[in-house]
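**Q** Structure provided below as structure tokens; questions to follow.
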Amino acid sequence: MLVHLSVEDLGLIEKIEFDPGSGLHVLSGETGVGKSMLLASMLILRGERTRTDVIRRGASRAFVRGIFQLSESNCQKISEELGFSIEDGELLIEREIAKEGRSRCRIDGRESTTTVLRRIAPFLIEVIGQGQALTLLQSETQLELLDRFGGLLDKRQAHASAWNEARELEKRIQALEESSRERRDRALFLEHVIEELEQASLEKGQRASLEQELELLEERDRVLAAIAGARTRILDKDGCVLDSLGSTERDLRGFEQLHPGIAALLEGCIQSRSLLEDSLRELSGIDADLDMDPVALDQRSRRLDQIVTLEEKYHRSEEDLLSYLVECQNEQQQISGDSEELPDLHAGLSRCVDQLKEGTRILTEARLKIIQQLTRHCSDELKDLGLEKAKIVGELSPLEGTRYWNGMDEKGADQFRICFSANPGEPVRPLAEVASGGELSRVMLALVKTLAGVTGTETLVFDEIDSNVGGRMGFAIGQKLRQIGESHQVLCVTHLPQVACHGMWQHKVVKQVDSGKTSTFLELLEGEDRIRELASMLRGDRATERSLEEARAMIVEANTLETA
């Protein structure tokens with residue numbers, strides 16, 4: 001339970017030190033004095049998100065510290081969550097909220113996160129207010145209450161873990177199948193590319209050779225004329241080049257020893273005549289080469305067009321296409337088509353679904369067994385709260401709709417509704433459709449009382465759970481809260497004296513103005529001070545002798561009922 005609460009610079013609270021004990025503590029005070037900030041501090045200890053505008057004006061940060069004395073079982077559970085042991089069963093929680101938006105969390109002096117704090121919060125403190133009463137209208141909340149009452153949370157958690165693992169397995173299969181489809185598409189593409197490039201039988205430099213050959217054929221007549229003229233000038237004509245070179249060679253013979261220049265000129269004439277003769281011999285077959293038949297010419301032209309088309313299609317040069325063919329052949333060998341894992345994974349997923357369905361069947365059977373126990377306990381509690389004729393039943397039905405995977409979600413295969421009828425003769429309908437505000441508060445209290453024996457939470461905080469009920473019912477609610485306080489630490493904010501009189505302790509939240517600064521503090525009321533506070537709650541600020549006597553009588557009656 002909470003044994004110490006320290007709050008600094010939160011809302012109107014400058015500094016409050018609160019050391020609650022076991023049993024029922026009542027918190028009273030006028031509207032606007034800061035009770036909501038006191039409750040906010042307890043939500044902060046649960047790891048809830050907090051706005052920076054709750055920081056006291058003029059302060060740079062707000063600070064909340066809570067010390068909890070844990071039961072042996074909760075101490076063990078929390079230690080497992082935190083990963084370290086808790087000394088002497090005492091746990092220290094500290095939260096700091098800065099104006100810059102930063103929030104610090106320390107657990108037993110160690111830096112931690114609010115995520116971790118929220119995981120252990122259910123073992124520490126629960127805040128039940130009007131907002132929580134409204135969440136009771138939701139089917140998910142009602143199913144949570146049913147499972148908590150039946151001690152089925154461990155079974156449900158095991159199902160949730162298996163369900164999440166199965167969904168992850170399904171995602172993996174889908175990813176592999178998508179990848180497999182992509183690989184098959186890629187394999188078909190590679191097969192087409194390889195077939196096309198292999199059929200093309202590309203050779204390095206072939207395009208340049210074909211372009212040169214076709215250009216030569218296009219200039220055939222001009223080439224032949226130029227060659228004929230060159231041959232005449234070099235070979236056939238009187239005084240042709242070869243004759244002139246021969247004459248020069250003969251004239252210089254015998255003088256080459258006289259001067260190096262003569263020797264060089266003689267050697268140049270000999271080499272030039274030899275080169276020209278060799279070149280003319282190479283031209284001997286050019287007539288035949290240029291005399292190509294139209295069919296061969298068309299084949300060469302089409303071959304060049306094929307190479308150019310492939311280059312444009314694959315955006316690669318002729319030489320790069322040869323490298324690309326090798327790359328595609330290597331990639332084709334690496335692609336194995338459908339993953340060999342898929343058949344085994346599908347079989348595994350099928351087994352997981354079968355096991356999950358069997359698990360949800362067992363979970364459903366367990367839920368059906370405890371529904372009557374839950375509703376019977378709640379009905380008994382509602383009788384004490386002025387709803388003697390009320391009827392409360394629970395309806396468990398299968399999940400329906402395509403949004404549920406294989407007819408289940410992480411909570412199982414069921415949806416649960418609490419149905420209610422306040423008066424005889426009225427049909428039993430879902431709680432959300434028929435319960436008034438006062439009835440809803442009482443149903444919420446009845447459920448909390450029913451669950452008090454099975455929940456691990458040791459500190460329960462009620463925020464105006466008596467809202468929308470009158471004085472007579474307030475007395476019954478107070479009595480019920482005190483009964484819960486016999487096994488739990490209970491903190492209750494109330495405006496009803498009929499509730500407040502049942503408290504083992506009553507604390508007044510007081511607002512004061514000092515030197516232009518407003519602050520809130522907590523005052524323990526005892527003896528006549530408590531009597532006057534109850535009288536003020538009955539009649540307003542002007543307590544009368546009659547209201548004082550009535551307040552004394554209320555405390556006596558409350559204590560008499562508790563000792564009866």
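Rule-based calculations on the coordinates, nothing more; no lab input. What you see is a predicted model; the values in this text were computed from it and never measured. Using ideal geometry, Cβ is built from the backbone for each residue, glycine included, and neighbour counts are taken over all protein chains shown.
**Q** Using the Cα centre as the reference, give the magnitude of the dipole from point charges on the C-beta atoms of the stretch 183-334 (Lys, Arg: +1; Asp, Glu: -1; all else neutral), rounded to the nearest 20 debye.
**A** Working: 19 positive and 35 negative charges, 58 e Å.
Taking the Cα centre of the stretch 183-334 as origin, the dipole is about 280 debye.
**Q** For the stretch 320-397, give the magnitude of the charge dipole about the Cα centre (Cβ charges: +1 Lys/Arg, -1 Asp/Glu; no others), in debye to the nearest 20. Provide the component values of the computation, followed by the final result.
**A** Working: 9 positive and 15 negative charges, 223 e Å.
So the magnitude is around 1080 debye.
**Q** State the extension gain, in nm to one decimal, for the chain segment bounded by Phe84 and Arg303, taking 0.36 nm per residue of separation less the distance between their alpha-carbons.
**A** Additional length available on full extension: 70.9 nm.
**Q** Hey, another quick one. Compute, for the chain, the length of the dipole vector about the Cα centre, with Cβ point charges of +1 (Lys, Arg) and -1 (Asp, Glu) only. Units Debye, rounded to 20.
**A** Working: 71 positive and 101 negative charges, 823 e Å.
Computed about the Cα centre, the dipole is about 3960 debye.
**Q** Subtract the Cα-Cα distance of Ser350 and Leu322 from 0.36 nm times their separation in residues, and report this length gain in nm to one decimal.
**A** 5.3 nm
**Q** Would you mind computing, in nm to one decimal, how far apart the modelled labels at Asp236 and Tyr314 are, each placed 7 Å from Cα along Cα→Cβ?
**A** 4.9
**Q** Which ³J(HN,Hα) values, rounded to whole Hz and listed in residue order, are derived for the stretch 420-432 from phi using the Karplus coefficients 6.51, -1.76 and 1.60 in 6.51 cos²θ - 1.76 cosθ + 1.60 with θ = phi - 60°, glycine and proline given as x?
**A** With the stated coefficients, the stretch 420-432 comes to 9, 9, 7, 9, x, x, 8, x, 7, 10, x, 3, 5 Hz.
**Q** At a Förster radius of 35 Å, what calculated FRET efficiency corresponds to the Cβ-Cβ distance of Arg403 and Ser467, to the nearest 0.05? It would help to have the intermediate numbers written out before the result.
**A** Working: r = 35 Å, r/R0 = 1.00.
For Arg403 and Ser467, the calculated efficiency is 0.50.
**Q** While we're on this one: Using r as the Cβ-Cβ distance of Glu433 and Thr31, and R0 as 22 Å, what FRET efficiency do you calculate, to the nearest 0.05? Present the calculation step by step, with values, prior to reporting the outcome.
**A** On the way: r = 31 Å, r/R0 = 1.43.
Rounded to the nearest 0.05, the efficiency is 0.10.
**Q** Another question, if that's okay. Which Cα, out of Ala226, Pro260, Val295, lies furthest along the positive dipole direction of the stretch 183-334 (beta carbon charges, K/R +1, D/E -1)?
**A** Pro260
**Q** For Glu213 and Arg186 in one chain, what is 0.36 nm times their gap in residues minus the Cα-Cα distance, to one decimal in nm? Could the numbers behind the result be given before it?
**A** Values: separation 27, 0.36 × 27 = 9.72 nm, distance 3.86 nm.
Full extension from Glu213 to Arg186 adds 5.9 nm.
**Q** Hey, if you put +1 on the Cβ of every Lys and Arg and -1 on every Asp and Glu Cβ in the stretch 183-334, which of Ser272, Thr309, Leu235 ends up farthest toward the positive end of that dipole?
**A** Ser272
**Q** In whole Hz, what ³J(HN,Hα) sequence does the stretch 507-522 give by Karplus (6.51, -1.76, 1.60; θ = phi - 60°), x for Gly and Pro?
**A** Calculated HN-Hα couplings, in order: 10, 9, 8, 10, 10, 9, 10, 9, 6, x, 10, 9, 9, 10, 9, 10 Hz.
**Q** Quick one: angle between helix 341-384 and the longest Cα principal axis of the chain, in degrees between 0 and 90, rounded to 10, please.
**A** 20
**Q** Can you work out the Karplus-derived ³J(HN,Hα) for every residue in the stretch 32-44? Use 6.51 cos²θ - 1.76 cosθ + 1.60 with θ = phi - 60°, whole Hz, and x for glycine or proline.
**A** x, 8, x, 4, 5, 6, 5, 5, 4, 4, 6, 5, 4
**Q** A follow-up question, please. Need one number for the chain: average projected area of the convex hull over its C-alpha atoms, nm². Mind showing how you got there, number by number?
**A** On the way: hull surface 223.5 nm².
Answer in nm², one decimal: 55.9.
**Q** Based on the Cβ-Cβ distance of Glu549 and Ser161, what FRET efficiency does E = 1/(1 + (r/R0)^6) give at R0 = 51 Å, to the nearest 0.05?
**A** Approximately 0.25, to the nearest 0.05.
**Q** Rounded to the nearest 5, what is the percent of antiparallel bridges among the DSSP beta bridges in the chain? Write down the numbers at each step before the final one.
**A** Numbers: 50 of 69 bridges.
Here the antiparallel bridges make up roughly 70 percent for the chain.
**Q** Measure off 7 Å from each Cα along the Cα-to-Cβ vector at Val3 and Arg539, then give the distance between these two points in nanometres to one decimal.
**A** Result for the modelled spin labels: 4.3 nm.
**Q** With angles folded into 0 to 90 degrees, how steeply does helix 437-451 sit against the dominant principal axis of the chain? Use alpha carbons for both and round to 10.
**A** Approximately 80 degrees, to the nearest ten.
**Q** Averaged across orientations, what area in nm² does the convex hull of the alpha carbons in the stretch 183-334 project?
**A** 14.8
**Q** Here is a follow-up. Compute the label zone of Arg102 within the stretch 40-67: residues whose backbone N is under 16 Å from the point 7 Å along Cα-to-Cβ.
**A** Counting backbone N atoms under 16 Å from the label point, the list is 52, 60-63.
**Q** Given the C-alpha centroids of the stretch 391-420 and the stretch 2-29, what is the distance between them in whole angstrom?
**A** The two parts, judged by their Cα centres, are 40 Å apart.
**Q** Over the chain, what is the relative contact order in whole percent, taking alpha-carbon pairs under 8 Å and six or more residues apart?
**A** 23
**Q** Oh, and also: Compute the long axis of helix 527-539 from its Cα atoms, compare it with the longest principal axis of the Cα atoms of the chain, and write down the angle in degrees, 0 to 90, nearest 10.
**A** Approximately 80 degrees, to the nearest ten.
**Q** Let me ask you something else. Sorting check: for 35-48, 403-416, which peptide has the highest mean count of neighbouring beta carbons within 10 Å, and how do the rest follow?
**A** On the way: 35-48: 21.6, 403-416: 17.6.
The densest-packed peptide leads the list: 35-48, 403-416.
**Q** Need one number: nm distance between label points at Glu277 and Gln332, each 7 Å from Cα along Cα→Cβ, rounded to one decimal.
**A** 5.6
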